[in-house]
Each structure stands twice: as structure tokens, then as C-alpha cells.
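Read through the structure below, which is laid out as C-alpha cells, and then see the notes.
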Amino acid sequence: MFDILVGRKFSNKCKHSVKCIKCRIELIRKKKQVMVKYLKKDVADLLAGGHDANAFGRIDALIVEINHASCYDMIEQYCGCLLEHLSTMCKERECPKEAMEAVATLIFAAARFSDLPELIDLRSIFTKRYETRMESCINKEFVAKIQNKSFSKVRKLEVMEDIVQEFSVNWNSNMFENKMSNQSAPVHGKALKHQLAFDENEKQFAMRALQNLEIKPEEQIEFQTNSHQCQ
């Protein structure tokens, strides 16, 4: 009898939290869609105006926003998974394998989505019911979407290509890649001499700074040793 009451309470709390989360996500999704559309349009305008380097520099922020928006979709899917397996979760003491990824990922998301406060309620419910740790069950793609802030050149160019097609912008990605390759090539001739002169000036400036601070040789050795240990 006690287990039945506990299971019913667990079920009611989960259903209430999931219902609130889904309602919030509906509103958040609309805002995210507007934001992503705005950022894409900004990139499209830069590409149309020939400012492809500036456009490329804004792609990281755009991908972060796209990934963050997709996390809400994943949260909603995991909430659906909870409801699907809720009857089994109420009957069993251990978390069913079919629901472990959903439970673990929602617990992980609770501290990272302050606009979904009911996730904290779910985290409290799950941690009280399931004492076993489930970090290994957290969806790795979900974690990457939240944590990654910079992306490969290939990924960024793919996003730019998608924007070009979506907004019908006339832009040549091959020409841009060639320009980027030329800019990243090693310096030669006068540029190399200038770089060497700059490096020499930097060394002299550092030496003068050390002399002005009157750092003793043994203190310099100690400083260098500590610096290497911290790296």
C-alpha cells in the first residue's frame, strides 16, 4: 500500500513538471526561432555586401544559438519519454533502462536551463527515488551542444552555405576558402623581416622590464620554473 501511494505521488509530480516544461518550451521555441532567423539574416546581409570575413566571424555565435535551440527540442522529447515509461518507473525501484538516458540528461539540464525551473523539481524527484549515479547515461550530443562555443572551419562553412541557399545570396565559398588560405600562409620577404624585428623589440622590452624591476637571477629561475609547472 505504501509503495502504491509513493508511486502515485511520484507519478503526479512528474506529470505536473512535464506539463509545465512543455508549456514553457512552446513560448521559448518561438523566441529562439526569431533569434536564429535574425542572426542568419545578419550573416546573409554581410555576405551579400561582400563582407564574408565578418560573416564568418559571427558563425560561432549563430551555431551556439542553433544548438541551444535544439536542446529545448531534446528536453521536450525526453519529457515525452518519461511519460511513456512512467507507469514502469512507478512500479520499479530501479530506473528502467529505457528511461535512464532521459532521466540522466534531464538531471544534467536542470542546472543549465534556468528558464525551465521545473527541471529542478524533476532532478529532486529523480535523485530521491534513484540513489544510483547515472552520469554515464547523459546524452553526449546534448552535452556537446551546450558546452561547445567554437567550431571547425568545415562546420562553419556548411552553415554559411545553408544560409546562402536559404536567403538566395550570391556568394562563392571556394573563393572565400582560397582567400582564407592565402591569409593564413606564412609571411615572406619584408613581412618576415618586420616580424623578426618585432620579435627582437619584444625581447628587448622584456629584458628592460626585468632590469627595471631589479629581479635577481635566482628569482628569474624560480619564476620560470613555477610558470612551467602551472602549464
Whether the range 6-126 is rounded, prolate or oblate, judged on the alpha carbon gyration tensor where a/c under 1.5 counts as rounded: prolate
Estimated FRET transfer efficiency when R0 is 25 angstrom, pair Glu177-Ile28 (beta carbons, to 0.05): 0.10
Solvent-accessible ranking of Ile125, Ile25, Ile107, largest area first, probe 1.4 Å: Ile107, Ile125, Ile25
Efficiency of FRET from Cβ geometry, Lys91 and His16, R₀ 22 Å, rounded to 0.05: 0.65
Computed label-point distance, nm, for sites Glu84 and Glu135 using a 7 Å Cα→Cβ extension: 2.8
Reach of Lys9 by Cα under 21 Å, taken over lysines that are not fewer than 8 positions away in the same chain: Lys19, Lys22, Lys91, Lys128
Rounded FRET efficiency, nearest 0.05, which uses the C-beta distance separating His68 from Val143 and R0 of 22 Å: 0.95
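The values are calculated or read from the model by the stated rules, or taken from the named source; none is laboratory data. Just so we're clear, the structure is a prediction, and the values are computed from it rather than from any experiment. For neighbour counting, all protein chains shown are included, and Cβ atoms are generated from backbone atoms with ideal geometry for every residue, glycine included. Only protein heavy atoms, including side chains, enter the accessible area calculation; ligands, DNA and RNA are left aside. Shrake-Rupley method; radii C 1.70, N 1.55, O 1.52, S 1.80 Å.
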